[in-house]
Amino acid sequence: MAVLAVEGVGWQALVEDAGRPGFADVGLGSAGYADTASADLANRLVGNRHGSALVEALFGGLAVRARGAALVAATGAPCPVLVRGEDGRMRGAAMYEVIDLRDGDRLELGSPSVGLRSYLAVRGGIDVEPVLGSRSRDTLAGVGPAPLAPGDLLPIGGNDAEWPSVDAVPWPGWTSGGEVVLDAVRGPRDDWFEPAAMAWLGAGTFTVSSQADRIGVRLTSAQPLTRRERGELPSEGAELGSVQVPPDGHPILFLADHPVTGGYPVAAVLTRASIARAAQLVPGQQVRLRLLPAPPLP
Amino acid sequence: MVSTPRFLPAGERAVLAEFADLAGVMAQRAALAAEPIPGVTETVTGARTLLLRFDATTDAAAVARALRELPPVAPPDSEADVIEVPVVYDGEDLEAVGAMTGLGADGVVREHTARLWRSAFCGFAPGFSYLTSDGASLEIPRRPTPRVAVPAGAVALAGEFSAVYPRTSPGGWQLIGRTEMAMWDLERDPAALLPPGTPVRFVAVEA
């Protein structure tokens, strides 16, 4: 069976799939790809079934060697891609295209020019042992395949989808490092904040702090968000993409490994597309939120 | 009498139903378990709320209407379903809790073992169940400074809740005892011992 031998992991490299929904009620979140859009695209490029397990690399630095032939594609934060054969000869390769690795070829991702997370999919998917039905690492709960380390061997699954691979796709539009605008639907606890605070949330500029991981991205702002409601919020279920505001008034964007319940009010929830985009925010980057009205409820 | 919930938006794929009290949450949760709403993929129980996640086949308004039409169900309450948790009551904070509550250490153990507790909701860590019961005499604040490491199996109190730490983790709850019983075990199916709604009784045992 073909495998990918891990030779370098950079800051962090994790196996992720579409996640492990269904356990939030007993305290375990879904985890899964942080940037779902990029991960889906990587799987589509190599003709995998939706939700196949792949490698999520934080800030490049991932290096793998194919043992047997492997068809791979890298998406997400754009990095230089180097492919070197066992004879030492280099081949041209790039993000967002399918790369045919021969036995012994080594693929290495450099550092991304923008964005944070890159995705390496292999045709057939990464076939490590699932935990509670998923191959996703949950960094908050410590559940799922351990973070990758040099020397790990990643088995490649059989490609039962039999879908054609794609040669290459256009790069997504977000690959520039400027100010990012994220869409968020107001609620559930927007009424816990001063109207001026909600107005600032929807108009002000926020800076991505260094506290940015798969659990959440902490933003800072010149104007902390002030609360109207002083009481303590009884713990309630937290949705992926929640814009949660702790007592210091600086919002946190909840990503894939977010806590399942929380005791701080959530002012708004990011849209699906903006959750994927938020997973690519780099510390220091500027963010604005566009607040959308929630649809009427009975 | 259970009041109808208030609905709050929670993004494109979830809606939050807020109830007057935990009993309302439990009754609606039991109703949902008996009669699932089409398109609802997951329910997350809170102290006053149910978060309902749904797929693209439905929307927040349709889910809210369906939930409103589900008559609440009294959660099953047979003694046969009670999980008995054996506890050695030698926690580091037991004396302090005895003093704070005015019950004394022995009184705390008596109160803690006499009550029927119920898992209300989970959070903080996989298998960490917030247990509630009737009666306020065991209500105490968290420790002013959290511990860096609370051992797995620690039986604790904070606010209106009791809990067993499923694994070693930082924590600010008051520790009154310990149990060998695993709250969370990936080798077991189901992994969580005390999902929301589970009735629980603590039983004092010798070390």
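A few notes on this one:
- For B:Ala56, the conditions (1) over 22 Å from A:Thr271 (Cα atoms); (2) aliphatic (A, V, I, L, M); (3) open to solvent by 40 Å² or more (accessible area, probe 1.4 Å) are fulfilled apart from (1).
- Taken across segment B:159-166, residues that are touching a Lys or Arg at 6+ places or on another chain (Cβ under 6 Å) and assigned to a loop (DSSP other than H, G, I, E, B) do not occur at all.
- In the set (1) open to solvent by 40 Å² or more (accessible area, probe 1.4 Å); (2) touching a residue at least 12 places away in the same chain (Cβ under 8 Å); (3) within 20 Å of A:Asp17 (Cα to Cα), A:Ala168 fails one condition alone, (3).
- Selection count where residues are free of Cβ contacts under 8 Å to residues at least 40 places away in the same chain and closer than 20 Å to A:Tyr264 by Cα, scope segment B:13-43: 6
- Some residue of segment A:141-149 being within 14 Å of chain B (Cβ to nearest Cβ), touching a helix residue (DSSP H, G or I) at 6+ places or on another chain (Cβ under 7 Å), assigned to a strand (DSSP E or B) and at pLDDT 95 or above: no
- Looking across segment B:173-206, the residues that are in a loop (DSSP other than H, G, I, E, B), more than 11 Å from every other protein chain (Cβ to nearest Cβ) and within 20 Å of B:Asp90 (Cβ to Cβ) come down to B:Trp173, B:Thr179, B:Glu180, B:Met181, B:Ala182, B:Val205, B:Glu206.
- Any hit, segment A:110-126, residues being open to solvent by less than 40 Å² (accessible area, probe 1.4 Å) and within 30 Å of B:Asp185 (Cα to Cα): yes
- Residue-level check: of (1) closer than 30 Å to B:Leu51 by Cβ; (2) in a loop (DSSP other than H, G, I, E, B); (3) β-branched (Val, Ile, Thr), A:Val166 misses just (1).
- Among the candidates B:Arg68, B:Arg53, B:Arg48, residue that is within 13 Å of chain A (Cβ to nearest Cβ) and under 20 Å from B:Ser133 (Cα atoms): B:Arg48
- Inside segment B:169-184, residues that are open to solvent by 50 Å² or more (accessible area, probe 1.4 Å) and either under 25 Å from B:Thr45 (Cβ atoms) or not assigned by TED's automatic domain parsing to the domain that holds B:Thr145 (or both) make up a count of 2.
- Just one residue in the set B:Ala64, B:Ala30, B:Ala60 is over 23 Å from B:Gly159 (Cβ atoms) and modelled with pLDDT under 95; that residue is B:Ala30.
- Residue list for segment B:124-140, restricted to those being part of a loop (DSSP other than H, G, I, E, B) and either aliphatic (A, V, I, L, M) or modelled with pLDDT of 90 or more (or both): B:Ala125, B:Pro126, B:Gly127, B:Phe128, B:Ser133, B:Ala136, B:Leu138, B:Glu139
- Here B:Gly107 meets each of (1) within 14 Å of another protein chain (Cβ to nearest Cβ); (2) more than 30 Å from B:Leu50 (Cα to Cα) with one exception, condition (1).
- Number of residues in segment B:1-25 that are of a type in the set (A, V, I, L, M), open to solvent by less than 40 Å² (accessible area, probe 1.4 Å) and not in a strand (DSSP E or B): the value is 3.
- Residues that are open to solvent by less than 20 Å² (accessible area, probe 1.4 Å) and either facing chain A (nearest Cβ under 10 Å) or of a type in the set (S, T, N, Q) (or both) within segment B:26-41 comprise just one, B:Gln28.
- Members of segment A:213-243 that are open to solvent by 30 Å² or more (accessible area, probe 1.4 Å), of a type outside the set (Val, Ile, Thr) and more than 14 Å from chain B (Cβ to nearest Cβ): A:Asp213, A:Arg218, A:Ala222, A:Gln223, A:Pro224, A:Arg227, A:Arg228, A:Arg230
- Each residue in segment A:2-29 was checked for being touching a Gly at 6+ places or on another chain (Cβ under 7 Å) and open to solvent by 40 Å² or more (accessible area, probe 1.4 Å), and 3 of them qualify.
- Strands (runs of 3 or more DSSP E) wholly inside segment A:200-298 containing at least 2 residues that are touching a strand residue (DSSP E or B) at 6+ places or on another chain (Cβ under 8 Å) and of a type in the set (Ser, Thr, Tyr): A:206-212
The values are calculated or read from the model by the stated rules, or taken from the named source; none is laboratory data. Quick caveat: nothing in here was measured; it's all calculated off a predicted structure. Using ideal geometry, Cβ is built from the backbone for each residue, glycine included, and neighbour counts are taken over all protein chains shown. These accessible areas exclude ligands, DNA and RNA; they are computed on the full protein's heavy atoms, side chains included. Shrake-Rupley method; radii C 1.70, N 1.55, O 1.52, S 1.80 Å.
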